[in-house]
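> The structure under discussion is supplied below as structure tokens; questions concerning it will follow.
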Amino acid sequence: MEVPRLDHALNSPTSPCEEVIKNLSLEAIQLCDRDGNKSQDSGIAEMEELPVPHNIKISNITCDSFKISWEMDSKSKDRITHYFIDLNKKENKNSNKFKHKDVPTKLVAKAVPLPMTVRGHWFLSPRTEYTVAVQTASKQVDGDYVVSEWSEIIEFCTADYSKVHLTQLLEKAEVIAGRMLKFSVFYRNQHKEYFDYIREHHGNAMQPSVKDNSGSHGSPISGKLEGIFFSCSTEFNTGKPPQDSPYGRYRFEIAAEKLFNPNTNLYFGDFYCMYTAYHYVILVIAPVGSPGDEFCKQRLPQLNSKDNKFLTCTEEDGVLVYHHAQDVILEVIYTDPVDLSLGTVAEITGHQLMSLSTADAKKDPSCKTCNISVGR
């Protein structure tokens with residue numbers, strides 16, 4: 001039986017899932033710890049006859065839900081009225097991060113048929129390791145519980161954002177993208193030593209590298225997609241790339257059509273901010289049929305290269321014309337190697353603004369503009 005999202009299940013007597021909701025409650029109570037120790041006022045007593053869950057299975061894992069099932073001895077099985085599920089983040093499993101008295105620390109569910117779905121974006125985060133243990137319990141007439149011993153502890157990791165979640169981020173990003181400005185080049189700033197190394201050790205070709213963990217915690221491209229970062233933003237007054245950069249004083253510039261053309265696909269990758277007023281959108285350009293293209297097809301929403309709110313390539317009088325969104329900062333990942341001979345490398349005249357770097361930047365989880373109601 002699938003249990004509705006926990007935060008929506010309570011106080012919803014008119015819901016279509018009313019009968020299911022009656023079988024689930026979430027209580028901020030003090031339960032036995034996994035060693036069987038109880039607080040004096042917990043109202044819980046031990047009863048050896050209750051079966052201990054074993055062979056726990058976790059399945060159907062998403063970024064904010066999972067299904068759980070287990071096996072039990074048939075002895076006294078009919079006494080069971082509730083299940084207690086103890087869920088902890090693995091990196092801090094010995095202490096409870098949620099100290100406020102109004103925040104539940106255990107999941108308490110009526111004994112419904114297994115497997116049971118546990119869903120709740122406010123206590124489950126994407127791409128996060130958790131530990132889980134289970135008790136069976138029998139609620140008595142006086143309101144006290146008798147409980148079994150805790151099961152073994154099982155570890156699992158929640159999933160990345162799905163295409164559905166990324167589409168929600170995409171729609172939020174579209175709202176603030178702003179008008180489109182024309183541009184003609186992609187560019188990449190680095191230190192002089194970077195370009196010297198590329199020439200000496202990689203035959204003049206910049207190589208894709210694994211994306212860092214900047215942006216949304218649930219982004220499926222972080223730590224997985226290989227690519228080369230480029231920018232395309234222009235100054236409003238000049239229509240040219242800005243002379244300042246956080247990444248280095250040397251800039252590689254390449255004509256836009258060399259990277260973005262009818263032989264490439266465009267994907268939406270992420271939308272985030274770093275506790276600032278401006279927001280970033282990550283886009284991925286992948287040559288059709290390339291390994292990067294296959295990776296993105298399975299995980300990211302694909303954009304129409306000719307008609308979207310962020311980055312377009314259209315044809316006018318036989319010439320490819322390019323536009324980028326004005327009100328978001330675009331970070332473009334190209335998934336194939338790029339030879340330096342296809343463009344130029346020169347020193348910029350501006351400053352290196354390190355404060356604008358997004359390397360391993362953490363997303364602001366409180367921003368209402370760029371967050372969705374699943375984990376952050």
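> Filtering segment 149-191 down to residues that are without any contact (Cβ under 8 Å) to a residue 60 or more places away in the chain and of a type outside the set (A, V, I, L, M), which residue is most open to solvent (accessible area, probe 1.4 Å)?
Among residues in segment 149-191 that are without any contact (Cβ under 8 Å) to a residue 60 or more places away in the chain and of a type outside the set (A, V, I, L, M), the one most open to solvent (accessible area, probe 1.4 Å) is 171.
> Working only within segment 300-314, note down all residues that are open to solvent by 80 Å² or more (accessible area, probe 1.4 Å) and either over 15 Å from residue 232 (Cβ atoms) or part of a helix (DSSP H, G or I) (or both).
302, 304, 306, 307 - these are the residues of segment 300-314 that are open to solvent by 80 Å² or more (accessible area, probe 1.4 Å) and either over 15 Å from residue 232 (Cβ atoms) or part of a helix (DSSP H, G or I) (or both).
Conditions tested, residue by residue: (1) over 18 Å from residue 216 (Cβ atoms); (2) at pLDDT below 95; (3) small (Gly, Ala, Ser).
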| position | (1), (2), (3) |
| --- | --- |
| 275 | no, yes, no |
| 291 | yes, no, no |
| 307 | yes, no, no |
| 325 | yes, no, yes |
| 331 | no, no, no |
| 351 | yes, yes, no |
| 360 | no, yes, no |
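> For residue 289, which of the numbered conditions (1) of a type in the set (Gly, Ala, Ser); (2) assigned to a loop (DSSP other than H, G, I, E, B); (3) under 16 Å from the mean Cα position of the chain (by Cα) fails to hold?
So the condition that residue 289 fails would be (3).
> Please find, among 193, 174, the residue that is over 30 Å from residue 61 (Cβ atoms) and in a helix (DSSP H, G or I).
193
> Can you say whether residue 211 is in contact with a Leu (Cβ under 8 Å, 6 or more places away or on another chain) and among the charged types (D, E, K, R), as far as the supplied structure shows?
In short, yes.
> Can you report the number of residues in segment 205-214 which are over 30 Å from the mean Cα position of the chain (by Cα) and exposed (fewer than 13 other Cβ atoms within 10 Å of the Cβ)?
The total comes to 0.
> Also: Within the bounds of segment 130-142, is there any residue that is under 21 Å from residue 220 (Cα atoms), crowded, with 16+ Cβ neighbours inside 10 Å, in contact with a Cys (Cβ under 9 Å, 6 or more places away or on another chain) and modelled with pLDDT of 90 or more?
yes
> Still on this structure, please answer the following. Return the residues of segment 245-270 that are in a strand (DSSP E or B) and more than 27 Å from the chain's Cα centre (by Cα); say none if nothing qualifies.
245, 250, 251, 252, 253, 254, 255
The values are calculated or read from the model by the stated rules, or taken from the named source; none is laboratory data. These figures come from a predicted structure and were not determined experimentally. Glycine also receives a Cβ, built like all others from the backbone with ideal geometry; neighbour counts cover every protein chain displayed. The area values use the complete protein model at the heavy-atom level, side chains included, leaving out ligands, DNA and RNA. Shrake-Rupley method; radii C 1.70, N 1.55, O 1.52, S 1.80 Å.
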